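What follows is a single structure, written as structure tokens, with notes after it.
The numbers here are math on the coordinates, done by the rules we state, and not lab data. In this text, all values refer to a predicted model and were calculated from it rather than measured experimentally. Heads up, the Cβs are rebuilt from the backbone with ideal geometry, glycines too, and the neighbour counts pull from every protein chain shown.
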Amino acid sequence: MATAAVVDAGDAPDPTVRNLLEQESLKWVFVGGKGGVGKTTCSSILSILLASARQSVLVISTDPAHNLSDAFQQRFTKFPTLVRGFSNLYAMEIDPKVENDDFSNEGMEGFLSELTNAIPGVDEAMSFAEMLKLVQTMDYSVVVFDTAPTGHTLRLLQFPATLEKGLEKMMALKNKFGGLLNQATRLFGLGDELNEDAMLGRLEGMKDVIEQVNRQFKDPDLTTFVCVCIPEFLSLYETERLVQELAKFEIDAHNIIINQVIFDEEVVESKLLKARINMQQKYIDQFHMLYDDFNITKLPLLPEEVCGVQALQNFSRHFLTPYKPALKRGAVEEVEQRISVLKTALQEAESELDKLRKGKQVA
């Protein structure tokens, strides 16, 4: 087994997301990871930061359990909406399920729904292809995807291959039953609804979009994937799986955001928190060992949720400047602060004891 090369501190990649802001050619940014690690907060903040560097930014939620509206505290729909307080940042929430608005006539809808049922995942893929076609006509400088938990995301990234397979099946059916299909449509009086050429044109058009998007997704100048995780075993495992799958799909990934980190703060006296800090540090070290060529950004665990544009903007500074505790552990000021915290806790405990004693005397 090859030994990992030791990276000097000076050679280590910048522990921020500045590289994403500086990559002017970037067109698609996927943000993904395990459920509950803070993907939506990270996507929202990345889109805010990109809006300060690019002409126009669109952030899209493809997670059926949409949280973008909660993050920005503004209602979003399946149409791009300008985010309050910005002139160039738009957001939309889409359901990655096929919408049959396109197939308004009954004959076409029935035929295509039969085919999509025969090919697992093709309905989501077709919906995603339609959405990408729509987004491409809107001409945003960069599009940020707030994706669903890992399994769904990987299915989404497989969509070019899934659709390719689906189109091959459709073409095979068309070649096999084309003449019969035309006779059936005339027999049942469906006219040109299932016209061979119309259907073929529709499928070929879809194929062009797939091939174009597939080429863009595999181009590291245009597309990158940001993995969001927390410093725990399951999240480390899921991130490793995600990075491996992305490599298989030839999709670039060189940014990892480790969220909810408890830093060795000056006032931490809790045994539980100290145990968590030690546990987290073990996994943070593993992240650095496994991904020594990645930009790894560590974000602090906050006592409150990050909701609303102002809170997102305030938190965004940790994406650009590595977080540092206010005081250095062991310094005179830090020890004085700890003594002050302990004195306050002692006074509160004594006050509570007095109340209990008085209550016991009354009883």
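What the table below lists for this structure:
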item	result
Cα→Cβ-extended label distance, 7 Å offset, between residue 87 and residue 215, nm	3.5 nm
For the range 220-363, the spread of Cα positions along each principal axis, largest first, Å	74, 36, 33
All-pairs Cα distance distribution in the range 254-317, expressed in whole percent, bin size 5 Å	4, 15, 22, 20, 17, 16, 6, 0
By average C-beta atoms within 10 angstrom, highest first, the peptides 287-294, 350-357, 36-43	36-43, 287-294, 350-357
Extension gain from residue 250 to residue 336, taking 0.36 nm per residue of separation minus the Cα-Cα distance	25.6 nm
Pairs from 78/169; 34/298; 298/343; 165/248; 39/298; 282/343 whose Cα-Cα separation, in the structure shown, is over 23 Å	78/169; 298/343; 282/343
